[in-house]
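Notes to accompany the following structure.
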Amino acid sequence: MKKLLLIALFFFIIVLAACGNSDDADAGESGDSGEGGSWEPEESIEIVAPAGAGGGWDTTARMVAKVLGEEGMIEENIGVVNKTGGGGAVGWSYIANYEGDPHKLFVASPPIILIPLNGQSEYGHEDFTPLSNLIADYGAFAVREDAEWDDLNDLFEDMKEDPESVTVVGESAPGSMDHIQFVQIAKAAGVDITKIRYVSAQDGESLTQLLNGSVDVYSTGMAETVEQVKADNIKVLGITAPERLEGEVIEDFPTAIEQGIDETFVNWRGFFGPPGMDEASIAYYEDKFKELSDSEAFAEIRDQFGWDEEYMGHEEYKAFLDEQKEQVQVLLDDLGLNNE
Amino acid sequence: MLKSINSRVSLVLLVIAIVYLIFSYQLPSYAYTEVDADVIPKVLGWLLVFLAILLFFSKDNETEAQRQKRNIPKKEIGMLLGVGALIFIYIFLLEILGFILVSALFIFFCSLFLGYRSHIVNGIVSIAFSAFIYFVFTSLLQISLPSGILPL
Amino acid sequence: MGAMEGMLTGLQTAFSLQSIFFVMIGVFIGTFIGMLPGLGPISAIAVMIPITFGMDPTVALIMMAGVYYGAIFGGSTSSILLNAPGVSGTVATSFDGYPMAQRGEAGKALAIAAIASFVGGTVSVVLLMLLAPMLASVAISFSPAAYFALMLLGLTAISSLSEGSTIKALISAVAGFMVVTVGIDAQSGTQRFTFGNTNLLDGLDFLVIALGLFALAEVCTLILNRKDKSIQNAHKIGSLKLSKQDWKDMTGPMSRHSIIGFILGVLPGAGATIASFISYITEKRISKNPEEFGKGSVKGLAAPETSNNAATSGAFVPLLSLGIPGSGTTAVLLGAFLVLGVQPGPLLMTDQPDIFWGVIVSMYIGNIFLLILNLPLIPYIAKILMVPRPLLISLVVMFSMIGVYAISFNTFDLYMLLLFGVIGFLMRLFSFPAPPFILAFILGGMLEQSFRQSMTISNGSLSIFFQDPIALSILAVAALSLFIPLISKVRKGKKNN
């Protein structure tokens, strides 16, 4: 009996503490400014990386937070919070709970379009407020240096004849980025995409499998291929960028477009806010991200990671995302993978 | 028939295996792979059915000490459930009230519940431990923990 | 520049006062972070990335490397003292480390762990220095078929991981394998057993299972025994001194598992956790007294501790020589390299020998620091056991919960922890061994994925497993390891009759 009392007491004290404080919390929220006018953050800003520490989202978030803070662009503290799970779905559902709160941002990239279409998240990009896009990265398709194919057309000719003779490897599961970027370009080249064999391998095994000959084509990001190309281990048949890029080695990668395949795939990365943000706060962040994108400090970081500058403001970003989604939808319908 | 512990346990396992198999057979198929997502689960499910049946008929070869483990006095079961309940409340309130407050209260009450009677030491340890972890995570390592209602 | 010359530059870099200083700092920070619940090498490196931004790349990387193995080392402490592994690589350490500490020899257990780590780390760094360029080809030689064979070999050890009923051990293993099928299937994108719950999409984290089955289940036992006078030994720390016999017992496992761990570390995707388990199993199998394992055996503690540290250095082979991150941790480390403007890849060794060799040589120095830093601290760290039992139980629970929460910052995982704590306790009550469960959980996922990758590649033909020479030879070993004990059993049986 005494023990039960103790548990009850523990519960009671905590509930008491909770009640005692709820008033303050309400008071804080009403301080937000209304429509129009200018807006400034009133408390520390939280940037959610919907993945674990160390990944692409996490790195982008931490680097952006660092530059925004150190260059004095935003006075308030900026903290990066990791919400891991479901390829982003856990983080998105977390943000969706903070409707209209301009102090919660998150970093996003194509998975926010792909994952909902795969039926793995109830929230998609329409459910949030896209603020600004910052960078772009592109996909690359690589084969072993001694492979019989010298350009994308060679490869796709073989695949048109016998699609099952070629195995493609990527890090992520079917229906996600590495798979979709390959399917998108292959379809434009006229390959029967329902016959493409795709294997997913994590933890660096995908490159391993390409190098040891288990698979034929590696669908990945451009940066991942550079060192292997330099060492003459692999060759890049094509990249998904609209035009050739600058930079050592990268400048030699032919685009799909110049090989007569009129298709691109952008691995964009930018920042979103919760649903229902007001115009003043959207304008504030657009402004700050523009300043960040133009800053030298961020340019240095972009160079280091091999990211391309690709600033888009709120409206442009939104239109871009809708267009991206339509494109992917068509592909997934063709593959019979659309689970939305 | 169901006197032996093994046969009773095996029935529970059988139920788990069947539920697992039902869900395995409902998995959607995916056209682009040779061995689909449902193959291994089905194998595992049937394997568990097979093992459960084996267990049902196998002799009870537990040692006396192992059997003794199951004789838990009623009072002690209450103790375990109590700690379980405290953990449950902790998880429930962690993100509502914040890390420091709930952790400190948890350590204090859990120790008290288990019969620790040096209230002052208990209080100091519970607050110091929670505050220390919170400080190290949030300030030194920049890893956010729920701050909750404390003005931090 | 020749390899010799490069190595000399590396030595110079690593032995500069500045480097030594930063290795020391790195090792210290790493050990500290590793001891914190839930924070392993991944988070340790991730939090260091912004801090090192703008530092001299060589020095920063040397410090990172220090953080990396410091964190792995620090993780074994809670495994041994509290049965609550903070990092997945140290779960196997608890199998014999915790019983030894319970016997009143916590000091000795920590000392053995420190020395085994040191040996594993040092031997593998030497291997790394001598063989890195050659091993690069080993790292990529494993096809999916070979991985499948390797995982199968690991699973054949299930029965040897437990005493008593083989059926129960197998049931545990099947259950562990079942749990790992939860989540999105990588080969098809199908959601399995997620019941529409977003939190289950990525499956359950290894630490949730390990902390539930080991730490929380142990907490239940501690609660039941809290007034038991006979276990007062557990408050003793004992001497750090190892007897001649201890040293003798350790030599074998340490030399064997430095090499086994290193090779498994070199293979992308295998890593410290799998290495520590395979080493533990191997050691138990070849031991003359396998019944001592799990009860505080010196060998059973030295084997996984040597192995996980050796695997840690092994993981640097594909990273430094190929630019392939073979694990989550080295992937984060690769990110750290990129931030500092260093691109690890096949050319790193020739283009930037000072960085390549500097990092490797500093790992050697780091290992020495780990030992001198940690041995004197053991008596103080072990004092945690002097904490009165009720308070200690609360702290262990707290430690496990922070550990799980720090993985995903999601209370859902905490409820899962509680669930697996209950499952773990029930398993104890009904004498179902937990290690096979954990082993199947670790190996099962990779077993299934590599099997299905192979089948896709071969268009559904099983012959792929017999055409690959590596796969075939591992399968042969697996078959032998299954049948030899059977045959010897039959023979023994005949003799007895």
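The values are calculated or read from the model by the stated rules, or taken from the named source; none is laboratory data. The model shown is predicted, which means the values in this text are computed figures rather than measured ones. Ideal geometry is used to build each Cβ from the backbone, glycine not excepted, and the neighbour counts take in all protein chains shown. Just so you know, the surface numbers come from the protein's heavy atoms only, side chains and all, with ligands and any DNA or RNA stripped out. Shrake-Rupley method; radii C 1.70, N 1.55, O 1.52, S 1.80 Å.
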The protein assembly as shown: antiparallel DSSP beta bridges as a percent of all, rounded to 5 | 60
Where Lys and Arg each count +1 and Asp and Glu each count -1, what net charge lies around A:THR255 among other residues with Cβ under 9 Å from its Cβ?
-> -1
Surrounding charge for A:ILE185, neighbours by C-beta under 13 angstrom, Lys/Arg +1, Asp/Glu -1, total -4
Gain in span if fully extended, C:LYS383 to C:THR251, counting 0.36 nm per residue against the direct Cα distance | 44.7 nm
Take each complete run of DSSP H in chain B, measure how far its Cα atoms stretch along the helix's own axis, and keep only those covering 27 Å or more with mean Kyte-Doolittle hydropathy at least -1.0; list them.
-> B:5-25, B:39-57, B:74-97
Please give the FRET efficiency for C:LEU462 paired with A:GLU164, using the beta carbon to beta carbon distance and R0 = 25 Å, rounded to the nearest 0.05.
-> 0.90
Placing +1 at every Lys and Arg Cβ and -1 at every Asp and Glu Cβ, with all other atoms neutral, what dipole size does chain C have around its Cα centre, in debye to the nearest 20?
-> 2000
Please go through the residue pairs B:LYS69/C:LYS227; A:LYS290/A:LYS325; C:LYS248/C:LYS295 and name each one whose alpha carbons sit more than 22 Å apart in this structure.
-> A:LYS290/A:LYS325
In square nanometres, what is the average projected area of the Cα convex hull of the stretch B:5-68?
-> 5.2
Spin-label point model (7 Å from Cα, Cβ direction): what's the A:SER38 to B:SER147 distance in nm?
-> 2.5
Please find the FRET efficiency linking B:ARG70 to C:ILE372, where r is the Cβ-Cβ separation and R0 is fixed at 45 Å, and quote it to the nearest 0.05.
-> 0.40
Among B:LEU13, B:SER29, B:PRO41, the residue whose Cα sits farthest towards the positive end of the charge dipole of the stretch B:1-62, when +1 is placed on the Cβ of each Lys and Arg and -1 on the Cβ of each Asp and Glu, is B:LEU13
For B:LYS74, A:LYS104, write out the residues from largest to smallest accessible area, computed with a 1.4 angstrom probe and no ligands counted.
-> B:LYS74, A:LYS104
Between the alpha carbon centres of the stretch C:157-204 and the stretch C:111-129 the gap in Å comes to 33
Identify which of B:PHE109, B:PHE56, B:PHE23 has the largest mean-square fluctuation in a Gaussian network model of chain B, with springs joining Cα atoms closer than 10 Å.
-> B:PHE23
Between the helical axis of A:279-294 and the dominant principal axis of chain A, each derived from Cα atoms, what acute angle in degrees is found, rounded to the nearest 10?
-> 50
Quick one: Cα centre-to-centre distance for the stretch A:60-101 and the stretch C:1-64, in angstrom?
-> 28
Can you list residues whose amide H is under 5 Å from A:VAL199's amide H, if they're 5+ apart or on another chain and H is modeled 1.01 Å from N?
-> A:VAL168, A:VAL169, A:GLY170
Taking H placed 1.01 Å from N in the peptide plane, check which residues at least 5 places from C:ILE324 or on another chain put their amide H under 5 Å from its amide H.
-> C:LEU319
With Cα atoms, 0 to 90° folded angle of helix A:314-335 axis to chain A main axis = 50
Treating only Lys and Arg (+1) and Asp and Glu (-1) as charged, each at its beta carbon, one finds that the stretch A:102-195 has a dipole about its Cα centre, in Debye to the nearest 20, of 680
A correct Karplus calculation of ³J(HN,Hα) over the stretch B:27-33, with 6.51 cos²θ - 1.76 cosθ + 1.60, θ = phi - 60°, whole Hz and x for Gly and Pro, returns 4, x, 9, 10, 7, 9, 9
In degrees, nearest ten, helix A:177-188 long axis to first principal axis of chain A (Cα) | 40
Residues with amide H under 5 Å of A:VAL48's amide H, sequence separation 5 or more or different chain, H placed in the peptide plane at 1.01 Å from N; which?
-> A:VAL81, A:LEU105, A:PHE106, A:VAL107
Nearest-0.05 FRET efficiency for B:ILE53 and B:ALA31, computed from C-beta distance (R0 45 Å) = 0.80
Provide the net charge surrounding C:GLY183, with neighbours chosen by a C-beta distance below 9 Å and charges set as Lys +1, Arg +1, Asp -1, Glu -1.
-> -1
For chain B, calculate the relative contact order in percent as a whole number, restricting contacts to Cα pairs under 8 Å that are 6 or more residues apart.
-> 20
Label-point separation (nm) for C:LEU480 and C:ARG285, each offset 7 Å from Cα along Cα-to-Cβ?
-> 1.0
What spacing in nm lies between the two simple spin-label points modelled at B:ILE120 and A:ASN97, each 7 Å away from Cα in the Cβ direction?
-> 4.1
Suppose every K and R has +1 on its Cβ and every D and E has -1 on its Cβ; what is the size of the dipole of the protein assembly as shown about the Cα centre, in Debye to the nearest 20?
-> 9060
